[in-house]
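Everything below concerns the one structure shown next.
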Amino acid sequence: MKKLLVLVLAMVMVLSLFVSCNKEAETPTITLMQGKPEIDAMLSAYALAWGAANNVNVVIKSIGGASGGLGPQLKADFAAGDMPDIFAFDGLQSYKDWEGLILDLSGEPWVSKTAVAFTYNGKTYGFPVAVEGWGMAYNADVLAQAGVDPRTLVNYAGYQAAFAKIDAMKAQLGLDSVVSMAAGIEMGWVTAHHNFNSLLSNGLRYGDLSVVNNLLAGNVDARRLSEYADWVELLFKYADKTILTTGNYDSQVGAFATGKAAFLHQGNWTDPNMKAANATFTMAFAPHGSTAAATDGIFVAAPSFYAVNKDSDNVALAKKFLTDLATTAAGHTYMVTEAGMIPAFSGISLQPSGQLSQSVQAYAAAGKVYSWNQYYFSEDFRDKTLSPIYNQFAGGQINKAQFIDLMTQAFIDNKE
């Protein structure tokens, strides 16, 4: 009996040692969820190489574009108890949604290398993904053929004249539409995020929150909103109606990349799409025409930030992944050469080759930039309240006067 007991105990000890060794041999996994599908392939490739070098399995989940919003997916994952180790957020309101889960990164080595990290109450919580910008992207070759000087594209009147002239020459220029614009519900980030920002910051000094604060208080500048509504109406009028009402990201960007639209309402993040489509025409950005007065800048900022989940089992690895992005040659190559992004960190000699990114850099170097202020409004307000209003306007269910009325009421109802 004693021999049997000794044998059993020995077997238990061997089994425990086997399990313990196997646990030690397990490869840790970190998951990063982000909202830029256009860089999914490049980020996944970098993550695979970084993971191999660090004995880590890195899973990239890209949510956005035609696949819906990052915010709702994060909320679903949180409810399921499956939050990623690293996740992207886009600004103040999004930070507040996840404040209890976001780790303070103030002591990380990359913090001193950037001026656009997300900070709150004096602490750093967000790693800037890149520097991005948008205005109205234009095909300079088409404009030259049409006799349109890009320098006139600084206000509503300039665009109105240019759009009308190009529209009359569509067949001659090989165009399907003047503007490639999307306003479907799933593309609400184009209208109720990016275009909406024209109302909030166009023509104002960088960081000026006067319009934002008034709207958050329910106080609407009727003249500014009316001029903005003229701009939205103009874009919708000269857009391909199918892309406008039902098009996804690929169809919207593809129309411009293949030379079928003279203008594109997107930002420099589309450079990889231009490269993939072998777009060889000259392109750049012009300011938005959302005001009667002339403006000379475009909207430039960090588009989103990576946060580290403080409840992650692999916080140290998640922090190292971000540090290596900002401080190693491999990270720099991924960001600039592979993903075509404008880096948000100093000490990087590489420069993006994409024409739209170069245009953003030129505006930034000249100080001709306006803020990204849309993220002072909640995601629900933008996506559930404003986006349907743009969608109805695009589809002809409401006219411009009704668009103005609905927008005005939305701000009143949303006041803090």
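The values are calculated or read from the model by the stated rules, or taken from the named source; none is laboratory data. Here the structure is a predicted model, which is why all the values come from computation and not from measurement. Ideal geometry is used to build each Cβ from the backbone, glycine not excepted, and the neighbour counts take in all protein chains shown.
Taking TRP189, is it at pLDDT below 95, in the same structural domain as LEU386 (by TED's automatic domain parsing), of a type outside the set (S, T, N, Q) and surrounded by 18 or more Cβ atoms within 10 Å (Cβ to Cβ)?
Considered against the rule, which asks whether it is at pLDDT below 95, in the same structural domain as LEU386 (by TED's automatic domain parsing), of a type outside the set (S, T, N, Q) and surrounded by 18 or more Cβ atoms within 10 Å (Cβ to Cβ), TRP189 comes out as yes.
Please work out if THR280 is in a helix (DSSP H, G or I) and either free of Cβ contacts under 8 Å to residues at least 40 places away in the same chain or not assigned by TED's automatic domain parsing to the domain that holds MET187 (or both).
Considered against the rule, which asks whether it is in a helix (DSSP H, G or I) and either free of Cβ contacts under 8 Å to residues at least 40 places away in the same chain or not assigned by TED's automatic domain parsing to the domain that holds MET187 (or both), THR280 comes out as no.
Going residue by residue through segment 342-351, is there one that turns out to be touching a Phe, Trp or Tyr at 6+ places or on another chain (Cβ under 7 Å) and more than 24 Å from ALA140 (Cα to Cα)?
Yes.
Is it the case that VAL178 is outside any helix (DSSP H, G or I), modelled with pLDDT of 95 or more and closer than 24 Å to ALA394 by Cα?
In short, yes.
Name the residues in segment 238-277 that are under 16 Å from GLY135 (Cβ atoms) and either without any contact (Cβ under 8 Å) to a residue 12 or more places away in the chain or among the acidic types (Asp, Glu) (or both), would you?
ASP271
Test LYS310 against the criterion of being surrounded by fewer than 16 Cβ atoms within 10 Å (Cβ to Cβ) and closer than 17 Å to GLU108 by Cα, and give yes or no.
Yes, satisfied.
What helices (runs of 4 or more DSSP H), lying completely within segment 58-168, carry at least 1 residues that are touching a residue at least 24 places away in the same chain (Cβ under 8 Å) and within 19 Å of PHE299 (Cα to Cα)?
Once the helices (runs of 4 or more DSSP H) in segment 58-168 are filtered for at least 1 residues that are touching a residue at least 24 places away in the same chain (Cβ under 8 Å) and within 19 Å of PHE299 (Cα to Cα), what remains is 92-98, 156-167.
Restrict the check to segment 367-388 and report whether at least one residue is more than 22 Å from MET187 (Cβ to Cβ), under 17 Å from the mean Cα position of the chain (by Cα) and free of Cβ contacts under 8 Å to residues at least 40 places away in the same chain.
Taking every residue of segment 367-388 in turn, none turns out to be more than 22 Å from MET187 (Cβ to Cβ), under 17 Å from the mean Cα position of the chain (by Cα) and free of Cβ contacts under 8 Å to residues at least 40 places away in the same chain.
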